[in-house]
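> Pasting a structure here, questions to come.
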Amino acid sequence: MLQRVERLRAQIDEELRGCGRAPGSVRILGVSKKQPAEAIAQAVAAGIDAVGENYVQEARKKFADPHLAGVRVEKHFIGHVQTNKARAIVEAFDVVQSVDRADAALALGQAAQRAGRVLPVLLQLNISPAERFGCLPQDAPALAAAIRAQPGLRLEGVMAIGPLASGPGEIERAFALAAKTFAALGGSTLSIGMSGDWREAVRAGSTMVRIGTALFGERRQ
Ligand SMILES: *Cc1c(COP(=O)(O)O)cnc(C)c1O
């Protein structure tokens with residue numbers, strides 16, 4: 001694991017230098033869905049300081065596992081936000097990257113306020129025709145306003161999933177659209193790039209890559 005983390009960091013830094021960006025300016029989110037709690041503990045020991053999970057039940061069970069007792073790691077929710085799970089999400093996670101509609105913002109905002117917290121969130125943008133979730137770019141300003149209207153939420157940027165099967169230039173165009181929307185909305189975090197497309201994402205301005213299989217190997221379960 002240590003070797004994988006160090007190699008990935010070195011590759012990201014090389015890509016950053018190649019496009020004139022500062023090494024170390026991209027954070028790695030370890031995506032641990034369908035991986036055991038031990039794998040998270042190993043990733044943290046190797047220097048990963050934030051992990052992402054897609055499913056609330058799976059994450060709650062995993063975070064309570066004895067392997068993670070005393071392990072400090074920032075927990076990001078990157079799955080679809082169901083409004084009836086808002087409270088459970090707020091209880092289990094530090095950051096929600098996948099706010100893609102106003103009713104999700106409202107439910108999370110109210111749950112965060114009830115918990116006496118201000119929850120950092122990202123607006124999930126849809127930049128791929130194959131993607132089911134995410135706010136369309138033309139609707140992003142209205143959703144950003146809805147998030148900012150919630151005292152329980154703090155909008156920190158944009159998350160997007162790149163197109164999977166793509167022709168030439170398609171990934172670049174999609175990430176450029178995410179970067180443009182991020183620039184218009186403001187914030188500190190542009191969460192784009194996964195195991196298969198993080199290089200394109202880094203070149204487009206990513207500040208956080210979400211890496212599952214390239215760190216943890218194929219998903220189990
Ligand atoms: C699963 C997942 C990832 C990680 O995917 P890999 O291709 O395994 O790196 C990143 N982001 C989201 C939203 C995911 O669901």
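The values are calculated or read from the model by the stated rules, or taken from the named source; none is laboratory data. What you see is a predicted model; the values in this text were computed from it and never measured. Here the Cβ is made from the backbone with ideal geometry for all residues, glycine too, and neighbour counts use every protein chain on show. Accessible surface is based on the protein model in full, side chains and every heavy atom, while ligands, DNA and RNA are left aside. Shrake-Rupley method; radii C 1.70, N 1.55, O 1.52, S 1.80 Å.
> Of C19, C135, which has the most accessible area and how do the rest follow, probe 1.4 Å?
The ordering from most to least exposed comes out as C19, C135.
> State, as an integer percentage, the relative contact order of the range 1-142 based on alpha-carbon contacts under 8 Å between residues 6 or more apart.
Relative CO of the range 1-142 lands at 16 percent.
> Given N residues in the range 90-172, what is Rg(Cα) / (2.2 N^0.38 Å)?
1.18
> I want to verify a result. In a Gaussian network model of the chain, Cα cutoff 10 Å, which of these has the top mean-square fluctuation: D100, D49, D65?
D65
> Find the centroid of the Cα atoms in the range 50-98 and in the range 145-168, then give the distance between the two in whole Å.
18
> Could I ask something else about it? Using a 1.4 Å probe over the heavy atoms of the protein chains, calculate the carbon and sulfur portion of the accessible area of the range 112-185 as a whole percent.
In the range 112-185, the share of accessible area belonging to carbon and sulfur is 58 percent.
> Considering amide H positions built from the backbone, and no H for Pro or chain starts, which residues 5 or more places from M159, or on another chain, come under 5 Å of its amide H?
L123, Q124, L125, S191
> Kindly provide the helix-only [θ] at 222 nm of the chain, computed as the sum of -39,500 (n - 2.57) over DSSP H runs of four or more divided by all residues, to the nearest 500 deg cm²/dmol?
-12000 deg cm²/dmol
> Among the trypsin sites (Lys or Arg not before Pro) in the range 1-105, which ones are in a DSSP loop with at most 10 other Cβ atoms within 10 Å of the Cβ? Mind listing them?
R72
> Let me check I've understood the local charge: for A204, count other residues with C-beta under 14 angstrom from its C-beta, Lys and Arg +1, Asp and Glu -1. What total comes out?
0
> Any idea of the accessible area per residue across the chain, 1.4 Å probe, to the nearest Å²?
47
> Quick one: divide the alpha-carbon radius of gyration of the range 1-146 by 2.2 N^0.38 Å and tell me what you get.
Rounded to two decimals, the normalised Rg is 1.14.
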